[in-house]
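FYI, it's all coordinate maths here, none of it is from the lab. Being a predicted model, the structure only gives us computed values, none of them experimental. Every residue, glycine among them, receives a Cβ derived from its backbone with ideal geometry; neighbour counts consider all protein chains shown.
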Amino acid sequence: MKTHILKASERTGSGKSDTKRLRREGFIPATIYSRERASQNIQIPKLAFDKEFPNRPLGASLELDFGTEKKLAIVKHIEVSPVKNETLHVEFQQLTAGEAITVEIPLILVHREKVETTSTVVQQLASTIHIEAMPKDLIDNVTIDLSELTLDAPIHVSDLPIASDKKFKIHTPQNTVIVQLNHTSKIVETDEEAEEAEMAVEQVNE
C-alpha cells in the first residue's frame, strides 16, 4: 500500500476569521484526535491533500509530518462545501503502533462494463466494510473485479480475498451481499415497488 505523507503544522488561531484566512492562504484547517492527549488543531496544505486524496476516502491511513515529529493517523471525517465542493475541514484519528483499530473502508468496483448489457445491470448493495487491523496493515480500499460476475452468483463479503487474510478481522457480516448482476426489468420492478410503498405510507399519514 502506498504511504501517504502530508506536511502539517500546529494551528494556534481559532474562529471563522482565522479559518477563512487559512483557506485563502492555501491551507485546510484540521484537527487530530488521540487517546493519549487532548485534540490538537493543525493545518495542512490544500494542494497536497487534494493530490493524495482526490476521492476524499474516510479511513485512509497517512503520516502527518510536523518536521520534528511524525504521527500515524487515519482520515476520520471530512467537511466539504456543498456549493464549491471544496474541502473545508479534516479530522484525523492518531494511531498507536501495535494497537489494532477498526475502520470503515470503501469498496471499489472495476470492469463493470464487461458484464453490463442492454438487459443486465450491476447493482451495488454495499459500498463499504468495517475491518480491524494493525496500523501497519491498514489499506485504503478494497477493489472488486466484476469480470466474472454472473446473474446467479452475487459477491458476498466472504468472497473477498481480504476475508481470508489473517491480518484483518472483518466486522461486516460475511453473508452480506456486496454486488449482484440483475436483469434490467428486475431493477425497474424494485424501484416501482419502492415508490408504491412510499405512496402507501404517505396515504396512511394523510
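Using amide H atoms built in the peptide plane, which far-off residues or other-chain residues are under 5 Å from Thr143 H to H?
It is Ile108, by chain and number.
Can you give me the long-range amide H partners of Ile5? Hydrogens built in the peptide plane at 1.01 Å from N, cutoff under 5 Å, separation of 5 or more residues or another chain.
Amide H to amide H, under 5 Å and 5 or more residues apart or across chains, Ile5 pairs with Glu63.
What residues have an amide H closer than 5 Å to that of His89, excluding those fewer than 5 places away on the same chain, when H is modeled at 1.01 Å from N in the peptide plane?
For His89, the qualifying residues are Glu79.
Give me the dipole magnitude in Debye, nearest 20, for the chain about the Cα centre, with unit charges on the beta carbon: positive for Lys and Arg, negative for Asp and Glu.
Details: 24 positive and 33 negative charges, 343 e Å.
I would put it at about 1640 debye.
Cut-off under 18 Å on the C-alpha distance; same-chain residues fewer than 8 positions from Lys46 excluded. Which lysines are left, in chain and number order?
Output for Lys46: Lys7, Lys16, Lys20, Lys76, Lys84.
Just to be sure I follow the definition: excluding the sites themselves, where is the longest run in the chain that has none of the trypsin sites (Lys or Arg not before Pro) in a DSSP loop with at most 15 other Cβ atoms within 10 Å? Let's see the in-between values first.
Numbers: sites that count: Lys2, Arg35, Arg37, Lys84, Lys166, Lys167.
Free of exposed loop sites, the longest segment is 85-165.
Report ³J(HN,Hα) in whole Hz for each residue of the stretch 124-134, in order, from the Karplus equation J = 6.51 cos²θ - 1.76 cosθ + 1.60 where θ = phi - 60°; Gly and Pro get x.
Calculated HN-Hα couplings, in order: 8, 9, 9, 10, 9, 9, 9, 10, 10, 7, 6 Hz.
Note the angle between two axes, namely the Cα long axis of helix 184-205 and the longest principal axis of the Cα atoms of the chain, as a number of degrees from 0 to 90, rounded to the nearest 10.
That helix lies at roughly 80 degrees to the long axis.
Given R₀ = 25 Å, what would the calculated FRET efficiency be for Glu25 paired with Asn85, taking r from the Cβ atoms and rounding to 0.05?
0.80
State the answer as a single residue: which of Gln94, Ser127, Ile105 lies farthest towards the positive end of the charge dipole of the chain, with beta carbon charges of +1 for Lys and Arg and -1 for Asp and Glu, about the Cα centre.
Of Gln94, Ser127, Ile105, it is Gln94.
Between the stretch 17-33 and the stretch 136-178, what's the alpha-carbon centroid distance in Å?
37
Residue by residue, what Karplus-based ³J(HN,Hα) values in Hz, rounded to whole numbers, does the stretch 76-85 have, using 6.51, -1.76 and 1.60 with θ = phi - 60° and x for Gly and Pro?
Karplus values, whole Hz, x for Gly and Pro: 9, 7, 10, 9, 10, 5, x, 8, 9, 6.
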